[in-house]
Amino acid sequence: MTDKNLALVLLPEIYGCNTFMNDIKTIYQQRGVTVFCPNLWLRAPFPYEKQQQAYDYFRQHLGFKIYKDIDYLLEELQAAYDRVIVLGFSVGATLAWRCSALGHTDGIIACYGSRIRDYLDIEPRCSTLLLFAKYDSFDVTAITKVLRQKKNVQTKIFPAQHGFFDLHSKTGDAFQAKAGWNCIDKFIQYICEK
């Protein structure tokens, strides 16, 4: 990453801005990237053992409609930075996917956004990288076949479980996460060089 005028917006899983998000933020900041991780939850992150409580909180207080609030941030960042990229995980990936159609970002990276399947009508207006876990709660192969037909969309399926990037979680997979980060870094480099 050599582009000093890049803004990276992190959109977390249902747990909120936890240690996993802070780890990512630190890595990219050390590379000279300006990183934003909006605390949409307006509270401390949920621990992993409170998954159901975290999911209920997201559903009741945020929901996937909050992508409009994220888009306001993206629009502001677009005016201040040469490039704006969104990197989302799980619910954050679905929020990123919804933002992809609004035109205020140069690239979207969505990692295991299982609810993307509820928004297949979206047509991204930016380069979009969708990374899925093969062992998820839905037919990943069928959904990626649909998504691959869309303009600006690349997909990749990893032989892992939902949440495989997060090495703090039970489903973290260091080998598959490393492969995933390689894809993400190449994609970000591609966006920065456009």
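Sort through ALA93, ALA110 and tell me the only one that's under 15 Å from PHE165 (Cα atoms) and not in a helix (DSSP H, G or I).
Exactly one of ALA93, ALA110 is under 15 Å from PHE165 (Cα atoms) and not in a helix (DSSP H, G or I), namely ALA110.
If only one of GLN149, GLN78, GLN52, GLN154 is open to solvent by 50 Å² or more (accessible area, probe 1.4 Å) and within 20 Å of TYR15 (Cα to Cα), which one is it?
Every option except GLN52 fails the conditions.
Which of the residues that make up region 24-38 are under 22 Å from LEU167 (Cβ atoms), open to solvent by 20 Å² or more (accessible area, probe 1.4 Å) and either touching a residue at least 12 places away in the same chain (Cβ under 8 Å) or touching a His at 6+ places or on another chain (Cβ under 7 Å) (or both)?
LYS25, ARG31, CYS37
The rows are residues; the columns are (1) within 19 Å of PHE187 (Cβ to Cβ); (2) of a type outside the set (S, T, N, Q); (3) within 13 Å of the chain's Cα centre (by Cα).
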residue: ASN5; (1), (2), (3): yes, no, no
residue: ILE14; (1), (2), (3): no, yes, yes
residue: GLN52; (1), (2), (3): no, no, no
residue: TYR55; (1), (2), (3): no, yes, no
residue: LEU73; (1), (2), (3): no, yes, no
residue: GLU76; (1), (2), (3): no, yes, no
residue: GLY88; (1), (2), (3): yes, yes, yes
residue: ALA96; (1), (2), (3): yes, yes, yes
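Return a yes/no flag: does region 161-173 have any residue that is surrounded by fewer than 20 Cβ atoms within 10 Å (Cβ to Cβ), part of a loop (DSSP other than H, G, I, E, B) and at pLDDT below 95.
no
Let me confirm something: among ALA93, ALA44, ALA110, which residue is modelled with pLDDT of 95 or more and more than 19 Å from THR128 (Cα to Cα)?
After ruling out the rest, the residue left standing is ALA44.
Restricting the search to region 89-124, which residues are open to solvent by 10 Å² or more (accessible area, probe 1.4 Å) and in contact with a His (Cβ under 9 Å, 6 or more places away or on another chain)?
Of everything in region 89-124, those that are open to solvent by 10 Å² or more (accessible area, probe 1.4 Å) and in contact with a His (Cβ under 9 Å, 6 or more places away or on another chain) turn out to be SER90, SER114.
Can you tell me which of (1) at positive phi; (2) in contact with a Pro (Cβ under 9 Å, 6 or more places away or on another chain) is the one GLY32 doesn't meet?
(2)
Can you tell me which residue within region 55-75, out of those that are over 29 Å from LYS170 (Cα atoms) and in contact (Cβ under 8 Å) with a residue 24 or more places away in the chain, is least open to solvent (accessible area, probe 1.4 Å)?
So the residue we want is LEU74.
Given (1) out of contact with any Lys or Arg (no Cβ under 9 Å at 6 or more places or on another chain); (2) in a loop (DSSP other than H, G, I, E, B); (3) of a type outside the set (A, V, I, L, M); (4) within 24 Å of ASN5 (Cα to Cα), identify the lone condition not met by GLN78.
(2)
The values are calculated or read from the model by the stated rules, or taken from the named source; none is laboratory data. Keep in mind it's a predicted model, so treat the numbers as computed, not measured. Counting neighbours? That spans all protein chains shown, and the Cβs are built from the backbone with ideal geometry, glycine included. All accessible areas refer to the heavy atoms of the entire protein, side chains included, with ligands and DNA or RNA removed. Shrake-Rupley method; radii C 1.70, N 1.55, O 1.52, S 1.80 Å.
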